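Any read-out appearing in this document is the output of simple, stated calculations on the displayed coordinates, not a laboratory observation. It should be emphasised that the depicted structure is a prediction, and the values quoted were computed from it without experimental measurement. Ideal geometry is used to build each Cβ from the backbone, glycine not excepted, and the neighbour counts take in all protein chains shown.
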Amino acid sequence: MKIVTLVKQVADTYSERTLSDSDHTLDREGAEAVIDEINERAVEQALQL
């Protein structure tokens, strides 16, 4: 059986976040990237199968 699970990395909500000076969006270089909670559950379910 082959299972594919798509995941998305998001900025860690518990870390300090900063905005870029040029366009006032999230500075992704300075933010720690993690897998969000919903995607963590999807990966866990795929592993259990």
Computed [θ] at 222 nm, helices only, for the chain once each DSSP H run of length n ≥ 4 contributes -39500 (n - 2.57):
-7500 deg cm²/dmol
What do you get for the angle between helix 37-48 and the principal long axis of the chain? Use alpha-carbon atoms, 0 to 90 degrees, nearest ten.
20 degrees
I'd like the GluC sites (Glu not before Pro) in the chain restricted to DSSP loop residues with at most 15 other Cβ atoms within 10 Å, sorted by number.
Glu16, Glu29, Glu32
Over region 5-47, what is the mean sequence separation of C-alpha contacts under 8 Å (at least six apart), divided by residue count, expressed as relative contact order in percent?
47 percent
Go through (1) 83; (2) 64; (3) 114 and flag the label whose value is the computed volume of the Cα convex hull per residue in Å³ for this structure.
(1)
